[in-house]
Every structure is written in C-alpha cells, then in structure tokens.
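Here is the structure we will look at.
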Amino acid sequence: MGKKLYIETLGCAMNVRDSEHIIAELNKREPYDLTENLSEADLIIINTCSVREKPVSKLFSEIGIFRKYKKPSAKIGVAGCTASHLGREIIDRAPIVDFVIGARNVSKLSKVMDKRHAVEIDIDYDDSTYQFGEYRANRFKAMVNISVGCDKSCTYCIVPATRGDEISIPKDIIIREVKRAVESGAKEVILLGQNVNNYGKHFTAPDEPSINFTQLLREVSRVDGVERIRFTSPHPLHMDNEFLEEFAYNPKICKQIHIPLQSGSTKVLREMKRGYSKEWFLDRCEKVRELVPDVAISTDIIVGFPAESDKDFQDTMDVLERVKFEQIFSFKYSPRPHTKASSFPNQVPDEIASARLTSLQKRHREILDNIQKRELGRVHKVYFDELKANGRVSGRTDSGKLVTVMGSEELLGKICDVEIIKTSLYSLEGKAV
Ligand code: SAH
Ligand code: SF4
Ligand code: F3S
C-alpha cells in the first residue's frame, strides 16, 4: 500500500498553488495518495496563512486536532506564510511538528523531510526558475505562478515578510507551463502573483528579455488551446490604459477583474502606503467599465485601519456605492508583526471596526442582490469544471459567476450556452440551451 497525504490549505490562491507544488514535489520522492481522513494519513501538512491573526491561531488549534487523531507514526509538516514568519517558534510551541517549510521554500521539501525538526524559511531564497513537478487538483483550469514575493510595503501587510522580494518568473517557463496545462485538458489559465501587473520589473537573470504584464497576457493568449485567461491580483497603481485596453479587447481574457481597494479614503490609503488616491481608484474602475460595460469587478477592503475616522469609512462606502462591486472580500484590520501599522497610534476599537464591517457587508449584500437578480433569463457561456452532488455540474461564466446545471461528466471541460433560471446571492442555476 502506498503512503497517504492529508493536506490542508489556508489563505490565498498562491497557497492553493503552493499546495499543488508540495504534492508534486512529494511525488517526485515517492508516490502519495491524497486522503481526507486524518487518521489514515502517513504525512499531514498544513499550508498556513499569516495575513490576519485568526488564521495563525487556527494553525495551533489544528495541530491539536492532528495530535489527537493522527497515527502514531504520522509526520506533521507546517508550510506557508506562518511557517515563514514564525519558523522555529512553531516547533518550540508544538514539538510534535516534524518540519517547517516557508512559503518561498517549497522546492526544498525533500531536504526538510529527511531531518526531524528541520526548518527552511529563507525568504531570500530564489526558486523563480525552479521546475516543480506537475500536479493539478483540477485538470480543467490551471493556476500558473508568474511571480513570487511582493515589491510593495503596504504598512498593514505581512506578505513581504513571508514571501520576500518580488521576482518575476521568466516568460519561457510560464509559457511552457501553460502549454503543459493545456495538453492535460485545461482551457482556462489563472495567472498568479501578488501584483501581477507589475510583471517583468525584477528578474533573477540580468539578460532576461524585457517584457511587461500586457505583453505576457498577449503571449499567453497566443498559446493554442487556451480559451480563457484570468489573473489575480493586479495592483490599482499599475493599471495603465495599455493594460486595460488589452484586458478589454483580448477576447481570451475573461471580463472579470479584482481591483483591491483596501480603503476609499485617500488619507487612509496614504497611511497604508498604497500609492493611489480614491480618485485614481474610481477613475480606473470607470475606465474599465467604459471599455467593458459588463465587466465584473471584485475587491478587497480593510475596515478599522489605525485612525480611520467615520468620514474615512464613509469614503469607503462611497466607493462601494459608485463601483458596485460584484464581490468584496472585507475584513477588520488585524495588527501584524513585522508591519509598520501595528505600532501606529489610534488603533480603532474593535466595536467600531465590527460595526463598520457589518454595515459595509450589509450594503454590499443589497448591491449584490440587485446584480444577481438581473441575471435571470440571461444566457452565458459557461465553462464546466466541477462535478457536484445530485447529478449536477458547475462552472463559471466569463465574468466569473458560479453556475450550476443538471448534467454529468460529459459537460466537464466544455464551454456551453446556459440560460439562468434561478438566482441567489452567491450562485446561479441554469439550463443548457
Ligand atoms: N497583493 C494583494 C493582496 C494580498 S493579501 C494586494 O495588494 O491587494 C490579501 C488581502 O488581505 C489584502 O488585499 C488585504 O485586504 C487583506 N489584508 C492584508 N493584511 C491585512 C491586515 N493586516 N488586516 C486585515 N486584512 C489584511
Ligand atoms: Fe501586501 Fe501590499 Fe504586497 Fe499586496 S501589495 S501583498 S497588500 S504589501
Ligand atoms: Fe496568501 Fe495568506 Fe500568505 S493571503 S500570501 S497565504 S499570508
């Protein structure tokens, strides 16, 4: 019998892709079957997130659960951003953990597995040209990293301290990976990086040909078999007209864009060191809508950043009102180690931050309700990529909306016209036409 791996992934899309890399790297050593049953696993890996305090506490509560249910011989590994930021402290607090491997060190997995209590968390480590093994949880859509790390220093954010400086992955490696994904059945690729539209600014090799994100998008769209391209996240600061025009006019690029706002107040944005103003953000959203009237815009919002006043928060509500985001990922500000904002004065009391978050999310649900209701009777091209329970299949519209229809495996990997027959806040039901 082969060995079994239980892997739990917290955090963002980059972590989801890192978990695929972890699985691929393990399989280079010896084959592992995935299991969802903790008690039969030979190896348990938790791929952690550090972006807020909550997912960090989750790590230690999960380790407690692993301890309780695991086989005595099973090993535990901690990967990801909390591994990068806490390092050996994880083993000091929980000696049951066998190894710790940082978010930027996945290619060293084999090394840490051979030595008990090994810790590899070097955030300067450069694996931007490393060839990971091939593993994808879903063969119909492929995440492809285009850069590692982040070159910004937003004052609230721990990511530069967990993933290190930004390095772009050479174009040839990206294109090779896209081709391989297409050969195994993917029609959709999702390009990943902390600031995808900053692509091409920093390469390891000094003679890497010059290229920017807009040009990369063109190159990816020229790969035979790629029918849909998504990317996350672009930074509002780097959204120039050339990029937005490529987004609008390249038919392979899905008309869904995540534009992280963080705050609608120019004063708070300055304190956050985001590099843009409320007006710039609104102008970029208007420009996208002018070019693509049906575009779906999603965003990230932080409420309760230090010294955020009621008026600042009203600016955030104002942007919400004007842009009418399809989706928001909104959180209370969480002070993080290694960040400037954690020592800013005037931290906002939790009750105030909670009340702001509640009113923001309530208003957004109303906006979304209107957006979703308008979908009734519309026909969309849906790319089916997942089998669901009860004879259903799900997929996404070009604009990224989740649609479920009655159907079987035959629909998987196909793009079909679907009429929307029922709407709810977070998904749509359709029938093939
Ligand atoms: N590179 C991306 C974001 C990566 S982190 C960008 O610039 O938009 C994902 C999201 O987590 C951020 O957009 C932000 O909204 C949120 N986040 C980051 N640090 C946070 C903190 N200290 N407290 C609350 N939310 C935070
Ligand atoms: Fe964090 Fe800012 Fe970098 Fe995004 S751009 S990962 S929010 S530092
Ligand atoms: Fe992602 Fe969390 Fe790290 S959001 S980059 S896994 S801190």
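The values are calculated or read from the model by the stated rules, or taken from the named source; none is laboratory data. Computed from a predicted structure; not experimentally measured. For neighbour counting, all protein chains shown are included, and Cβ atoms are generated from backbone atoms with ideal geometry for every residue, glycine included. Surface areas here come from the heavy atoms of the whole protein model, side chains and all, with no ligands, DNA or RNA. Shrake-Rupley method; radii C 1.70, N 1.55, O 1.52, S 1.80 Å.
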Quiz prompt | Restricting the stretch 355-383 to residues that are open to solvent by less than 70 Å² (accessible area, probe 1.4 Å) and without any contact (Cβ under 8 Å) to a residue 40 or more places away in the chain, the residue that is farthest from the chain's Cα centre (by Cα) | solution = 355
Quiz item: Quick check, is residue 432 out of contact with any helix residue (DSSP H, G or I) (no Cβ under 6 Å at 6 or more places or on another chain), open to solvent by 30 Å² or more (accessible area, probe 1.4 Å) and more than 16 Å from ligand 3 (Cβ to nearest atom)?
Solution: yes
Quiz item: Of the residues that sit in the stretch 279-325 and are surrounded by fewer than 21 Cβ atoms within 10 Å (Cβ to Cβ) and among the polar types (S, T, N, Q), which one is farthest from residue 342 (Cα to Cα)?
Solution: 298
Exercise. Could you check the stretch 385-433 for strands (runs of 3 or more DSSP E) lying wholly inside it with 3 or more residues that are among the polar types (S, T, N, Q)?
Key: none
Quiz item: Name the residues in the stretch 326-354 that are open to solvent by 70 Å² or more (accessible area, probe 1.4 Å), in a loop (DSSP other than H, G, I, E, B) and of a type in the set (S, T, N, Q), would you?
Solution: 346, 347
Quiz item: Which is farther than 30 Å from residue 263 by Cα and in contact with a Gly (Cβ under 9 Å, 6 or more places away or on another chain), of 159, 78, 100?
Solution: 100
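Looking at the structure I just gave you, is residue 57 away from ligand 2 (no atom under 16 Å from the Cβ) and either within 23 Å of residue 156 (Cβ to Cβ) or out of contact with any helix residue (DSSP H, G or I) (no Cβ under 8 Å at 6 or more places or on another chain) (or both)?
Against the criterion (away from ligand 2 (no atom under 16 Å from the Cβ) and either within 23 Å of residue 156 (Cβ to Cβ) or out of contact with any helix residue (DSSP H, G or I) (no Cβ under 8 Å at 6 or more places or on another chain) (or both)), residue 57 qualifies.
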Quiz item: Does the stretch 5-29 hold any residues that are within 16 Å of ligand 1 (Cβ to nearest atom) and of a type in the set (Gly, Ala, Ser), and which are they?
Solution: 11, 13
Quiz item: Just one of 90, 63 is of a type outside the set (Phe, Trp, Tyr) and crowded, with 21+ Cβ neighbours inside 10 Å; which is it?
Solution: 90
Quiz prompt | Members of the stretch 255-273 found to be more than 14 Å from residue 153 (Cβ to Cβ) and under 21 Å from the mean Cα position of the chain (by Cα), listed by number | solution = 255, 256, 257, 258, 259, 260, 261, 263
Quiz item: Can you pull out the residues in the stretch 203-248 that are open to solvent by 70 Å² or more (accessible area, probe 1.4 Å), in contact (Cβ under 8 Å) with a residue 40 or more places away in the chain and in a loop (DSSP other than H, G, I, E, B)?
Solution: 204, 224, 227
